[in-house]
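A short write-up of the structure that comes next.
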Amino acid sequence: MTDQAITLTPAPYRIRAWKDGQSVIDTDDAKFAHGVRHYMIWMFPREAVKLPREAIIAEHDGHVAIDWDAVDEWWEEDEPVAKLPRDMRHRVEARRSSRHVVVKHDGVLIADSHGPTVVAETGLGNRYYLPRGDVRFELLRRAERTSWCPYKGLANYYDVHIDGTVLKGALWTYEQPIADAAPTLAGLIGIWHEKLDVQLDGKSLGE
C-alpha cells in the first residue's frame, strides 16, 4: 500500500537483516517511518531490499517497509534488535514520588501507595508504577499475555479477579527492563488506569 500520511526521518545507524542465513537488507540509508502502523518502523530504499514482494507492507517516496517477521534477524550496526526499532529522540523518564495513589475497582481496594514512580514517556500521558508491597497480590493472577516495548523491554501482565469479575491485563510489570531503560522500573507494578478506578492525591485520573 501507499500512504501519503507517512513521514520519514533519517535513522542514524547502518541497518542489516538476514533471512535463512542470507543478507536481505544492508543499508546506511534507512528511515524512521511514522504513519505505517501505530508504532514507528523502518523504511528502506527499495533497491536495498532483497525480499519478495509479499514481505513489503507499505511503500512511500521510493522506500519500502518490511513485515518485521519476514526476516530472522535485525541488526543496528553490530548489535541485534530484539523487537522493533527505537527512535533516539524518544525518551522515558522515571521519577520517584511521595504522591498518594489509590487503585480500586467497584469499591474494592487493589493498591494503596505513597511511593509511586511517575513515568513520563514521549507522546504518552504519565503512568504510575507502584512498589509490589503496596499491591494486593491476592487479587491478581499472572496472565499469559506479554508485550514488548522497544524502550522498556518485556512486559508481563496480571489479571485482576474480584468476586467473579476478571479484568484482563489491568496491571503489568517489567521484571528485567532493557539495559538503557530506567532501572528503577524493575519489578514495579504499572497501572492501566483506563481499566481501573485510580485516584492521585484524592483526584480521579479519569476527571
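The table below gives the values:
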quantity: Against the rule of thumb 2.2 N^0.38 Å, how large the Cα Rg of region 50-134 comes out; calculated: 1.73
quantity: Convex hull of Cα atoms in region 7-80, direction-averaged projection (nm²); calculated: 4.6
quantity: Using θ = phi - 60° and Karplus 6.51 cos²θ - 1.76 cosθ + 1.60, couplings along region 192-205 (whole Hz; Gly, Pro as x); calculated: 8, 5, 6, 9, 10, 8, 10, 10, 10, 6, x, 10, 5, 5
quantity: Alpha-carbon Debye profile of the chain, log10 I(q)/I(0) at 0.08, 0.11, 0.14, 0.17 Å⁻¹; calculated: -0.37, -0.64, -0.88, -1.08
quantity: Computed Kirkwood radius, in angstrom, where 1/r is averaged over Cα pairs of region 110-207; calculated: 14.0
quantity: Listed pairs K152/K203; K104/K195; K83/K168; K19/K50 exceeding 20 Å between Cα atoms; calculated: K152/K203; K83/K168
quantity: Selection of trypsin sites (Lys or Arg not before Pro), region 57-161, meeting DSSP coil and at most 14 other Cβ within 10 Å; calculated: K83, R89, R91, R99, R136
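Each value in this text was obtained by applying a stated rule to the coordinates, not by laboratory testing. None of these values were measured; they are calculated from a predicted model. Note that each Cβ is placed from the backbone with ideal geometry, even for glycine, and that neighbours are counted across all protein chains shown.
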